[in-house]
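Questions regarding the structure given below will be posed in turn.
The values are calculated or read from the model by the stated rules, or taken from the named source; none is laboratory data. These numbers were taken from a predicted model, which means no experiment stands behind them. Glycine gets a Cβ as well: all are built from the backbone with ideal geometry, and neighbour counts include every protein chain shown. To get the accessible areas, we keep the full protein, side chains included, count just its heavy atoms, and leave off ligands, DNA and RNA. Shrake-Rupley method; radii C 1.70, N 1.55, O 1.52, S 1.80 Å.
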Amino acid sequence: MKKWFFISLTLLITNLISAQFNESPILNKQNEDKKLLNWGYFLGLNQYDFKIEYKENAQDILVSKSFGFNVGLIGEVRVNEFLDVRFEPGLHYGSRLMGFPGFEDERDAIREVKSTYINFPLLLKASTRRYGNFKPFLLGGVSTGLNLGSNEESLDDNSTGTFRMKKWVYNYELGFGIDFYLEYFKFTPSIRGVFAITDELVPDNDPNSPWTRNIESLKTRGIFINFTFE
């Protein structure tokens with residue numbers, strides 16, 4: 001299923017790009033970028049991972065990644081022809097499997113970490129000049145996220161199968177994309193990396209816990225593939 005999704009997406013974007021290189025393309029949405037305020041929504045995929053730093057050299061904790069989904073809204077303020085400020089509140093759901101070394105029982109070794117982030121990014125979009133019906137851009141900024149599945153306030157910990165993380169995480173985000181000006185709306189595929197700058201781990205109650213005692217910090221990192229409609 002994932003394979004066919006990416007094949008279809010590649011064909012769609014290829015057709016959109018090739019259509020823009022016609023000798024005399026019909027220009028769509030010519031006044032789209034002249035408005036002070038712009039609105040839209042996005043749908044997409046994510047793949048979350050962890051960056052883990054250890055207190056002592058030991059066997060690494062393994063992280064198995066899977067695809068999740070993103071959905072949200074967009075508010076954009078035009079600064080000038082090349083710069084826009086964007087606010088993109090959204091819901092990001094993802095899941096990670098962590099494999100801890102030193103256990104024989106799979107119930108102790110494996111922890112599934114399900115995260116539902118309400119993300120609040122403030123981003124600066126730097127675009128090139130428009131070429132026909134498309135315009136490439138770079139994107140960067142900061143964000144804060146509320147993890148609804150953090151288990152931070154749970155009294156249970158890994159000894160009873162509960163992996164705990166902090167509710168709030170702070171990130172920086174970097175990415176790029178292309179605006180395609182279609183007849184009725186602007187369609188934008190983009191790829192973005194997200195990198196946590198704060199430690200998210202809530203250590204187990206036992207300071208000698210075999211799960212968390214050797215973790216110095218645990219920070220989310222991930223990739224977003226978003227499709228925007230404005």
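Write down the Kirkwood hydrodynamic radius of segment 75-199, to one decimal in angstroms, obtained as one divided by the mean of 1/r over all alpha carbon pairs.
The Cα-based Kirkwood calculation yields 17.2 Å.
Using a Gaussian network model on the chain with a 10 Å cutoff between Cα atoms, which of ASP49, ASP204, ASP60 fluctuates the most?
ASP60
Stretched out fully, how many nm does the piece from GLU104 to SER159 gain, at 0.36 nm a residue minus the Cα gap?
Extra length from GLU104 to SER159 when fully extended: 18.3 nm.
Using amide H atoms built in the peptide plane, which far-off residues or other-chain residues are under 5 Å from ASP49 H to H?
Hits under the 5 Å cutoff: ARG221, GLY222.
Run the accessible area of the chain with a 1.4 Å probe and give the carbon-and-sulfur part as a rounded percent. Write out the running numbers ahead of the final one.
Details: 7680 of 12850 Å².
On the chain, the fraction of accessible area on carbon and sulfur atoms equals 60 percent.
Could you work out, for segment 33-83, what percent of all Cα-Cα pairs fall into each 5 Å distance bin, beginning at 0 Å and stopping at the bin that holds the largest distance?
5, 13, 14, 11, 11, 10, 11, 9, 8, 6, 3, 0
When only Cα pairs under 8 Å and 6 or more residues apart are kept, what is the percent relative contact order across segment 35-79? Let's see the in-between values first.
Numbers: 54 pairs, mean separation 28.9, N = 45.
The value is 64 percent.
In addition: Just in segment 88-136: which chymotrypsin sites (Phe, Trp or Tyr not before Pro) are loop by DSSP and have at most 13 other Cβ atoms within 10 Å?
PHE103
Please compute the modelled spin-label separation between LYS34 and LEU148, points set 7 Å along Cα→Cβ, answer in nm with one decimal.
4.1
On to the next question. What is the distance, in nm, between label points placed 7 Å from the Cα along the Cα-to-Cβ direction at LEU124 and at GLN47?
3.0
If contacts are Cα pairs under 8 angstrom and at least 6 residues apart, what is the relative contact order of the chain in percent? Working shown, then result.
On the way: 556 pairs, mean separation 48.4, N = 230.
Averaging sequence separation for qualifying contacts and normalising by length gives 21 percent for the chain.
Of ASP179, ASP206, ASP105, which is the most mobile in a GNM of the chain whose springs link Cα atoms less than 10 angstrom apart?
Comparing ASP179, ASP206, ASP105 in the GNM, the peak value goes to ASP105.
Given LEU146, TYR184, ILE223, which one lies farthest toward the positive end of the charge dipole of the chain, if we put +1 on the Cβ of every Lys and Arg and -1 on the Cβ of every Asp and Glu?
Farthest towards the positive pole: TYR184.
Next question. Over the Cα atoms of segment 189-228, what is the Rg over Rh ratio if Rh follows Kirkwood?
Looking at segment 189-228, the ratio lands at 1.23.
Now a separate question. Expressed as a rounded percentage, what relative contact order does segment 64-145 have, with Cα pairs under 8 Å and six or more residues apart?
RCO, segment 64-145: 27 percent.
Based on Cα positions only, what radius of gyration and what Dmax would you give for the chain, in angstroms?
So, for the chain, Rg and Dmax equal 20.9, 69 Å respectively.
Which loop-located trypsin sites (Lys or Arg not before Pro) does segment 67-159 contain, where loop means any DSSP state but H, G, I, E or B and the Cβ has at most 14 other Cβ atoms within 10 Å?
ARG129
Would you mind working out the magnitude of the charge dipole of the chain relative to its Cα centre, with +1 at each Lys and Arg C-beta and -1 at each Asp and Glu C-beta, to the nearest 20 Debye?
Dipole magnitude for the chain comes out near 980 debye.
So if each residue of separation counts as 0.36 nm, and I subtract the Cα-Cα distance between PHE185 and VAL79, what length gain in nm does that give?
That works out to 36.1 nm of additional length.
Starting from the 7 Å offset along Cα-to-Cβ, what nm value, one decimal, do you get for the label separation of LYS167 and LEU91?
Inter-label distance under the simple model: 1.9 nm.
Still on this model: Test of the criteria: in segment 153-217, which chymotrypsin sites (Phe, Trp or Tyr not before Pro) are in a DSSP loop and have at most 16 other Cβ atoms within 10 angstrom of their Cβ?
Here the sparse-neighbourhood loop sites are TYR184, PHE185.
Working from Cα positions, state the angle (0 to 90°, nearest 10) between the long axis of helix 2-20 and the longest principal axis of the chain.
30
Using helices alone, what [θ] at 222 nm do you get for the chain, with -39,500 (n - 2.57) per DSSP H run of 4 or more residues, divided over all residues and rounded to the nearest 500?
Details: 2 runs with 23 residues, N = 230.
Computed ellipticity for the chain at 222 nm equals -3000 deg cm²/dmol.
Oh, and also: Mean-square fluctuation check for the chain, GNM, Cα pairs under 10 Å: which of ILE110, ILE191, ILE26 is largest?
Top of the fluctuation ranking is ILE26.
Then there is this: Over 32 Å between Cα atoms, which of LYS29/LYS65; LYS65/LYS125; LYS125/LYS166; LYS114/LYS135; LYS35/LYS65; LYS55/LYS167 qualify?
Beyond 32 Å: LYS29/LYS65; LYS114/LYS135; LYS35/LYS65.
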